[in-house]
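The values are calculated or read from the model by the stated rules, or taken from the named source; none is laboratory data. The structure presented is a predicted model; accordingly, all values stated were derived computationally and were not measured. Using ideal geometry, Cβ is built from the backbone for each residue, glycine included, and neighbour counts are taken over all protein chains shown. The area values use the complete protein model at the heavy-atom level, side chains included, leaving out ligands, DNA and RNA. Shrake-Rupley method; radii C 1.70, N 1.55, O 1.52, S 1.80 Å.
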Amino acid sequence: MEITHRKGGVGRDNVDGAAEAQLAKMGYQSELPRNLSMLSVLGLSFAIMAVPFGLSTTLYITLTDGQSVTILWGWVLVSIISLSIAASLAEICAVYPTAGGVYYWSAMLATRKYAPVASWVTGWLTLVGNWTVTLSINFSGAQLILSAISLWDEDFVPNQWQTILMFWAVMLVCMLTNIFGAKYLDLINKICIYWTGASVIIILITLLTMTDTKRSGEFVFAHYDASASGWPSGWAFFVGLLQAAYTLTGYGMVASMCEEVQNPEREVPKAIVLSVAAAGVTGFIYLIPILFVLPDVQLLLDVANGQPIGLLFKTATGSAGGGFGLLFLILGILFFAGTGALTAASRCTYAFARDGAIPGSRLWKRVDKRFDIPLWALVLSTVVDCLLGLIYFGSSAAFNSFTGVATICLSTSYGMPILISVLRKRRAVKHSNFSLGRFGYFINIATLCWICLAVVLFCMPVSLPVEAASMNYASVVFAGFAAISVIWYLIRGRKDFTGPPVPVDVAPGEEVPVVGVEKTDLEGASPVVAKDTEKL
C-alpha cells in the first residue's frame, strides 16, 4: 500500500501524511477525511456523556437509592474513578491511535497467539456497548420529550407505542444528522460544549432565584435515605452509582474517531481525559442547585414515565412554561448526545467490520464516498437500536436494562486492554507520550477492581421487590449478545478471524515498519521510504 506524500511544507498536509503513514504501519488504509480537531473530539466525548441530560434522565435511580449523598458524593466518587480509567485508556491510545480503539489495543498488547480471541471478546463488548449507550440516550430522550406534555396535562401518560414511535423518530433525526450533516460534525461537536456550559449556568441561576423554598445545606450535602429502595442501606448507595457510572461511560468511545483527527496520538488522548474532567466539574455544578430546590421526593418518584426532571423544573419555576424552558435546554443536549453517540457507534461498527468480525462485514465496512462516512455501518447501528427498543413492550423498566448493559459492556471493554497491559508489565506504554509513570500500576489495578464491582452492581434492579415487568434485564441482553458473538465465532471467527492486521509477534510497543509505506520526517519535511521492513 502506498501513501502519497503531499507537498506544502511542514503544515497540515505533512501532518496528514504522517498520520496516514502511522495508520498504515498498524495495517490499515486511511479512508476517512481527517477534518476533526482536538476540541471537536473533546466536544464529541462531552456530547456522548451529556452530563445534565444523563443525570436528569437517571435521577429516579438515586432518588430511590439514597438521595442527596448518593446523587452528589456518588457522582464525585465515580468521576474520580472514571478519570483514572480515562487516563489508563489515553496512555494506550497514544501508542495505537486507530478507529479500532480498545479492540485493536487488546490485540496489540496481547501475544500473537491470544491476539485474535482478545480482540474478538473486546470488540464485541465495545460494539454492544456503543449500540446500547446510543440506545439508552435516545430512548430516555424520547421519554423526556413525552414528559414535557405532562407539564400542561398532568393526567397524560404515554403508552408503549407512543414511546417507541418517539424513540424511532429521535433515532431517525440522529441518523439523518450523521448523514447529511457529516461535514458539519466538527462544528456540531464544538457547539455542544458551549450549549452545555450555557445550559448549566442558566439552569443554576433560574432555579436558585425563582424557588421560594430551598433545602438546607445539610440536606444537600449529608442527607441519606434509601428506604424506598428495599435494599440494605449501605448496598443501596452502590446500586445508585449506576446514575453516575452510566453518565460517565462515553469517553472511551471517541477512540473510534482517531482516523478522522490530525495528530491523533496526541490530540485524542488529551480529549479523552479533558472531557472526563470537564464532565465531572459540570455535573457537580449542575447537581447542587437541583438538590437545593428538590421538591417532595415521593412526588417525583410517582411520575408515570419515570422522568421527574420536568416536574422538578415546573415546581421550582412555578409554571409549566418555565419548566419547559429549562427542559428545552436539556433536550438540546439530547440532540448532541444522540447524534454523537451514533457517530461513535457507526465508526466502531465500521472498524470491527473492517476485520471481518461481524456477519455481513463486506457491507458494513464500506465508506460512502458521497458523504465520506461508513454509511452502512451507520444504518446497521440505527436499525439494531430501533429493534432493541422493542424490549419496552415486555418490560416497563427497559431503560434500566439499556443503561445497565451499556455501562457493563463499555466498562469491561475498557478493562480488557488495561488488564492485558498490566499482565504484560506495561511494556507497551513505557514510552507513551501520555504516560502515567510511576503511578501507572496503581491506577490500572484500581480501575480493574472498580470494573469488576460494576459488572455485579449494574445487573441489580434499582429497587426491591422485583416483578417480571420491573426486572433489570441487563444481564439477559448482555447474555443474548454474548451468545451471538460465540455462535458467530464458532461459525466463522474460529477459522477466518485473525484479529487486526498486526505483526507475527513483536514486543509490546515495538514499531514495525510496513513495506512501501513512507515515514514522514516532519523536521526536514521530507518523506523517507522504509527499508528492511517486515510485511504485515
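Each row is one residue, and each column tells you yes or no for (1) open to solvent by 80 Å² or more (accessible area, probe 1.4 Å); (2) without any contact (Cβ under 8 Å) to a residue 24 or more places away in the chain; (3) in a helix (DSSP H, G or I); (4) touching a strand residue (DSSP E or B) at 6+ places or on another chain (Cβ under 9 Å).
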| position | (1), (2), (3), (4) |
| --- | --- |
| Val157 | yes, no, no, no |
| Met175 | no, no, yes, no |
| Asn178 | no, no, yes, yes |
| Asp186 | no, no, yes, yes |
| Asn189 | no, no, yes, yes |
| Thr196 | no, no, yes, no |
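Within the range 340-357, how many residues are of a type outside the set (Gly, Ala, Ser), open to solvent by 10 Å² or more (accessible area, probe 1.4 Å), in contact with a helix residue (DSSP H, G or I) (Cβ under 7 Å, 6 or more places away or on another chain) and over 9 Å from Ser256 (Cβ atoms)?
The number of residues fulfilling the criteria is 0.
Could you please find all residues in the range 394-434 being open to solvent by 20 Å² or more (accessible area, probe 1.4 Å), hydroxyl-bearing (Ser, Thr, Tyr) and modelled with pLDDT under 90?
Scanning the range 394-434 gives a single hit, Ser396.
Give the number of residues within the range 43-92 that are open to solvent by less than 10 Å² (accessible area, probe 1.4 Å) and out of contact with any strand residue (DSSP E or B) (no Cβ under 9 Å at 6 or more places or on another chain).
Result for the range 43-92: 32.
I need the full set of residues from the range 107-155 which are closer than 30 Å to Val429 by Cβ, among the hydroxyl-bearing types (Ser, Thr, Tyr) and either more than 27 Å from the chain's Cα centre (by Cα) or part of a loop (DSSP other than H, G, I, E, B) (or both), in order please.
Thr111, Tyr114
Need pairs with beta-carbon distance below 9 Å; first residue without any contact (Cβ under 8 Å) to a residue 40 or more places away in the chain and over 18 Å from Phe313 (Cβ atoms) and within the range 56-68, second open to solvent by 10 Å² or more (accessible area, probe 1.4 Å) and hydrophobic (A, V, I, L, M, F, W, C); sequence gap 6+ or separate chains.
Qualifying pairs under 9 Å: none.
Are there any pairs, at least 6 apart or on different chains, whose C-beta atoms fall under 9 Å, with the first in the range 140-152 and within 11 Å of Phe324 (Cβ to Cβ) and the second among the charged types (D, E, K, R) and open to solvent by 10 Å² or more (accessible area, probe 1.4 Å), and if so, which?
Leu151/Lys314
Spot the failing condition for Glu218; the list is (1) in a helix (DSSP H, G or I); (2) open to solvent by 20 Å² or more (accessible area, probe 1.4 Å); (3) over 20 Å from Thr317 (Cβ atoms); (4) in contact (Cβ under 8 Å) with a residue 12 or more places away in the chain, and only one is missed.
(4)
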